[in-house]
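Participant: Take a look at the following structure, please.
The values are calculated or read from the model by the stated rules, or taken from the named source; none is laboratory data. Note that this is a predicted model, so its numbers are computed, not measured. Cβ placement follows ideal geometry from the backbone for every residue including glycine, while neighbour counts extend to all protein chains displayed. These accessible areas exclude ligands, DNA and RNA; they are computed on the full protein's heavy atoms, side chains included. Shrake-Rupley method; radii C 1.70, N 1.55, O 1.52, S 1.80 Å.
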Amino acid sequence: MGLAFGIASVLWLGFIFNDTVIEIALTLAVSYIAFFTAQEGADVSGVLTVMTLGMFYAAVARTAFKGESQQSLHYFWEMVAYIANTLIFIL
């Protein structure tokens, strides 16, 4: 299921021309929608779906992001990971 969402989002990214904010919002929205759809709609693991989606982005979709948006996207997800790790440590 993560691969399906990954392929659909990469095809959707093909229509976006060098707009960093939209590309970041798209990856965030697709991640959430994939989790919710897998967990609630298909009764499969949402965590594994998002993990597969992330691996697809890392391996295949890297070429879909152009120029400085690729670097901005990397920094954004790095900050999200740092905040999530901090929250898990505090809890």
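Participant: Tell me which of these HIS74 doesn't satisfy, since it passes every other one: (1) touching a residue at least 12 places away in the same chain (Cβ under 8 Å); (2) closer than 24 Å to MET1 by Cα.
Facilitator: Tallying (1) touching a residue at least 12 places away in the same chain (Cβ under 8 Å); (2) closer than 24 Å to MET1 by Cα, HIS74 fails exactly one: (1).
Participant: Now, a different point. So, THR52, is that one of a type in the set (Val, Ile, Thr), more than 14 Å from the chain's Cα centre (by Cα) and open to solvent by less than 100 Å² (accessible area, probe 1.4 Å) or not? Before the answer, list the steps.
Facilitator: Working: of a type in the set (Val, Ile, Thr): yes; more than 14 Å from the chain's Cα centre (by Cα): no; open to solvent by less than 100 Å² (accessible area, probe 1.4 Å): yes.
So THR52 fails the test.
Participant: Tally up the residues in segment 51-91 that are farther than 17 Å from LEU26 by Cα and not aliphatic (A, V, I, L, M), please.
Facilitator: Selection size over segment 51-91: 4.
Participant: For segment 66-77, check the following and say yes or no: at least one residue is among the charged types (D, E, K, R) and open to solvent by less than 40 Å² (accessible area, probe 1.4 Å). Even if it seems obvious, please write down each step before you answer.
Facilitator: Quick first cut of segment 66-77, residues among the charged types (D, E, K, R) only: 66, 68.
Those left that are additionally open to solvent by less than 40 Å² (accessible area, probe 1.4 Å): none.
So far as segment 66-77 goes, no, none of its residues is among the charged types (D, E, K, R) and open to solvent by less than 40 Å² (accessible area, probe 1.4 Å).
Let's see how each residue does on (1) over 25 Å from GLU78 (Cβ atoms); (2) loosely packed, with under 13 Cβ neighbours inside 10 Å:
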position: GLY6; (1), (2): no, no
position: LEU11; (1), (2): yes, yes
position: VAL21; (1), (2): no, yes
position: LEU28; (1), (2): no, no
position: PHE35; (1), (2): no, no
position: ALA42; (1), (2): yes, yes
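Participant: Give segment 38-91 a look and list any residue that's modelled with pLDDT of 85 or more, outside any loop (DSSP other than H, G, I, E, B) and not hydrophobic (A, V, I, L, M, F, W, C), or say none.
Facilitator: Correct list: GLN39, GLU40, GLY41, GLY46, THR49, THR52, GLY54, TYR75, GLU78, TYR82, ASN85, THR86.
Participant: Next question. I need a count of the residues in segment 5-26 that are at pLDDT 85 or above and among the hydroxyl-bearing types (Ser, Thr, Tyr).
Facilitator: 1
Participant: Can LEU26 be described as over 23 Å from MET1 (Cα atoms), free of Cβ contacts under 8 Å to residues at least 24 places away in the same chain and in a helix (DSSP H, G or I)?
Facilitator: Numbers: over 23 Å from MET1 (Cα atoms): no; free of Cβ contacts under 8 Å to residues at least 24 places away in the same chain: yes; in a helix (DSSP H, G or I): yes.
Taking the combined requirement at face value, the residue does not satisfy it.
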